[in-house]
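The values are calculated or read from the model by the stated rules, or taken from the named source; none is laboratory data. These numbers were taken from a predicted model, which means no experiment stands behind them. No Cβ is skipped: glycine too gets one built from the backbone with ideal geometry, and neighbour counts run over all protein chains shown.
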Amino acid sequence: MEFLLAVVAVAVTLWLARGRHLHPGDYLVAAALAVTFALFVLALTPNGPQNHVLIELGAPLPSIAQAEFFAAHGVKIALAAVLFAIGACFCAVVRRRMTPEQYA
């Protein structure tokens with residue numbers, strides 16, 4: 001599901017780039033934000049021992065549920081964000097090539 005959403009987002013940004021919307025730098029900013037989001041999700045994703053420590057210390061149930069969610073889906077979300085970042089960089093190249101006289 002995460003990859004499908006990333007592909008749809010890349011398709012929308014590619015459509016915007018082909019339609020001469022936004023500046024190429026805007027797509028690069030979107031790529032940088034996607035990479036930052038991926039790093040944030042990876043930082044929130046616990047490994048096995050960290051999850052057991054939360055349970056042993058008696059963490060609140062919402063914290064344990066959040067840790068279990070990120071343990072199950074965190075890497076996929078981060079990879080989808082990286083896929084979007086690659087697509088946004090490609091869209092910046094497409095946008096730059098559509099009107100090179102504007103950015104010479």
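The table for this structure:
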read-out	value
Those residues of region 34-63 which are free of Cβ contacts under 8 Å to residues at least 12 places away in the same chain and of a type in the set (Phe, Trp, Tyr), in sequence order	PHE40
Criterion violated by ILE86 - all others in (1) surrounded by fewer than 12 Cβ atoms within 10 Å (Cβ to Cβ); (2) at pLDDT 90 or above satisfied	(1)
Any pair with Cβ under 7 angstrom, 6 or more apart, that starts in region 15-26 at a residue that is at positive phi and ends at one that is modelled with pLDDT of 90 or more and of a type outside the set (Lys, Arg)	LEU22/LEU16
Restricting region 66-81 to residues that are touching a residue at least 24 places away in the same chain (Cβ under 8 Å) and surrounded by fewer than 17 Cβ atoms within 10 Å (Cβ to Cβ), the residue that is farthest from GLY25 (Cα to Cα)	ALA71
Subset tally (residues that are among the hydrophobic types (A, V, I, L, M, F, W, C) and under 20 Å from MET1 (Cβ atoms)) for region 42-66	3
Checklist (1) in contact with an Asp or Glu (Cβ under 9 Å, 6 or more places away or on another chain); (2) polar (S, T, N, Q); (3) within 24 Å of ALA34 (Cα to Cα) applied to ASN51, failing item	(3)
Hey, ARG20 part of a helix (DSSP H, G or I) and basic (Lys, Arg) or not	no
